[in-house]
1. Looking only at residues that are part of a loop (DSSP other than H, G, I, E, B), more than 10 Å from the chain's Cα centre (by Cα) and among the aliphatic types (A, V, I, L, M) in segment 261-286, which one is nearest to VAL245 (Cα to Cα)?
2. For segment 285-334: of the residues being aliphatic (A, V, I, L, M) and more than 25 Å from GLU56 (Cα to Cα), which is surrounded by the most Cβ atoms within 10 Å (Cβ to Cβ)?
3. Among (1) closer than 30 Å to ALA205 by Cβ; (2) over 60 Å from the mean Cα position of the chain (by Cα); (3) of a type outside the set (D, E, K, R), which single condition is ASN174 missing?
4. Name the residues in segment 239-253 that are surrounded by 16 or more Cβ atoms within 10 Å (Cβ to Cβ) and under 13 Å from VAL263 (Cβ atoms), would you?
5. Under the condition of being open to solvent by less than 40 Å² (accessible area, probe 1.4 Å) and under 27 Å from ASP81 (Cα atoms), which residue from segment 110-131 is nearest to the chain's Cα centre (by Cα)?
6. If you check every pair at least six apart or on different chains, which have Cβ atoms under 6 Å apart with a residue in segment 330-346 that is closer than 11 Å to GLN314 by Cα first and a residue that is open to solvent by 70 Å² or more (accessible area, probe 1.4 Å) and not charged (D, E, K, R) second?
7. Out of contact with any Lys or Arg (no Cβ under 9 Å at 6 or more places or on another chain) and under 30 Å from PHE262 (Cβ atoms) - does that describe any residue in segment 207-215?
8. Working only within segment 254-274, note down all residues that are open to solvent by 50 Å² or more (accessible area, probe 1.4 Å) and under 26 Å from GLY190 (Cα atoms).
Amino acid sequence: MTTSSRRLFAAGVVVIAIVAAGLGTYFIADSRAKESRKAPKGPPAVPVTVAPVLQETVPIRLQGIGNVEAYQTVALKARVDGQIMAVNFREGDPVKKGAVLFRVDPRPYAAALRQAEANALRDAAARDQARSQDRRYQDLLGKNFVSKEAYAQIRTNAETAAATARASEAALENARLNFEYCTIASPIDGYVGKVLLQAGNMVRANDANPLAVINQVRPIYVNFAVPERNLPEVRKYRALGPLMVETLPDPGSPPVRGRLIFVDNAVDPSTGTIRLRAQFDNTDAALWPGQFVNVSLRLTEQADAIVVPSSAVQNGPAGQYVYVVGVDLVADLRKITVLRTEGERTIVEAGLQKGERVVTRGQLRLGPKTRVQVGKPEAEPS
């Protein structure tokens with residue numbers, strides 16, 4: 001092949017390559033244009049979590065904050081003067097009724113008891129002697145051997161001796177009581193608090209400061225208040241039967257149930273609330289005096305209530321609303337009327353139907369008629 005032929009061949013190869021490259025670019029661009037025409041228009045679907053709208057029977061409750069109060073509180077005080085000889089308990093321990101908690105030095109009172117016993121025996125003997133003499137003089141009076149005046153004196157002496165004997169018996173009983181008071185026992189079952197006066201200290205009878213305080217916690221009270229506007233409902237349903245009260249002392253434990261036992265006889269004008277009291281068996285001592293707990297007073301039940309998770313309800317300038325997801329996976333804003341909210345459950349009065357799906361997570365990225373991608377549904381509200 002000559003030099004000119006080689007040059008022509010090379011030029012032809014270059015031209016063919018250029019044409020092929022142009023055709024490739026054209027086909028790629030055309031393919032991309034077709035794909036872009038096939039792709040849907042608009043923003044991508046928003047991932048959300050949904051929950052079903054339920055229709056069920058739900059209780060009607062009044063919520064409040066309660067304060068736990070001991071069923072009984074006893075401040076132990078000494079009833080005699082003396083030195084504390086022993087403290088027979090550990091602070092905070094449960095104690096039984098009749099258990100000996102403190103001992104006061106009994107020796108002075110034991111001596112006083114022995115003296116009172118001796119005085120009582122002496123005066124009883126004098127009384128018996130005076131009675132015997134009265135009987136003899138009564139016989140002599142019947143035989144006219146003594147005058148009436150002499151017999152009257154003997155009779156007076158007998159009555160005086162009897163009165164003295166009765167006074168000695170009373171003093172003996174008082175001495176016995178003082179001796180018993182040297183032993184201070186628990187009058188109730190409960191939990192004893194801090195020792196306020198240790199062994200070795202002197203104690204005075206009925207001192208202002210107690211030796212210790214005992215609280216009975218089985219059963220136990222919970223005091224709470226509700227707005228005065230709810231008082232007619234409370235009185236109405238209480239007249240129909242006992243009202244159940246629930247409280248949750250520990251978020252991880254089941255609720256504790258009791259019953260309403262007291263409605264105050266006047267509304268507190270400073271707060272506009274009425275004071276209520278519930279009693280709980282408290283067998284496991286889950287409630288403790290002084291504790292603050294959430295209280296729920298169950299009045300009655302509402303049938304066929306529309307229930308949604310509280311996380312689905314949003315607040316806007318026009319009121320409360322939810323996003324409802326249709327079968328076409330489009331979320332639409334819908335205004336609702338909320339009847340009441342109970343923790344994680346909201347009871348809806350109007351705006352929703354059973355079986356619809358509401359968005360519970362992802363509302364911040366939604367607007368009217370927004371396409372959504374539904375993730376794993378949340379558990380039904382309980």
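1. ALA285
2. Residues of segment 285-334 aliphatic (A, V, I, L, M): 285-287, 293, 295, 297, 299, 303, 305-308, 312-313, 318, 322, 324-325, 327, 329-331, 333.
Narrowing the set further to residues that are more than 25 Å from GLU56 (Cα to Cα) leaves 285-287, 293, 318, 329-330.
Working: ALA285: 12, ALA286: 20, LEU287: 24, VAL293: 21, ALA318: 8, LEU329: 13, VAL330: 15.
Within segment 285-334, the match that is surrounded by the most Cβ atoms within 10 Å (Cβ to Cβ) is LEU287.
3. In the conditions (1) closer than 30 Å to ALA205 by Cβ; (2) over 60 Å from the mean Cα position of the chain (by Cα); (3) of a type outside the set (D, E, K, R), ASN174 misses (2) alone.
4. Listed by number, the residues that qualify are LEU243, VAL245.
5. First, the residues of segment 110-131 that are open to solvent by less than 40 Å² (accessible area, probe 1.4 Å): 110, 113, 116, 120, 123-124, 130.
Add one more test, that the residue is under 27 Å from ASP81 (Cα atoms), and what stays is 110, 113, 116, 120.
Numbers: ALA110: 48, LEU113: 49, ALA116: 53, ALA120: 56 Å.
If we take residues in segment 110-131 being open to solvent by less than 40 Å² (accessible area, probe 1.4 Å) and under 27 Å from ASP81 (Cα atoms), then ALA110 is nearest to the chain's Cα centre (by Cα).
6. LEU333/PRO368
7. yes
8. Across segment 254-274, the qualifying residues are PRO254, PRO255, ARG257, ARG259, ILE261, PHE262.
The values are calculated or read from the model by the stated rules, or taken from the named source; none is laboratory data. Just so you know, these numbers come straight off a predicted model, no measurement behind them. Every residue, glycine among them, receives a Cβ derived from its backbone with ideal geometry; neighbour counts consider all protein chains shown. Accessible surface areas use protein heavy atoms only, side chains included; no ligands, DNA or RNA. Shrake-Rupley method; radii C 1.70, N 1.55, O 1.52, S 1.80 Å.
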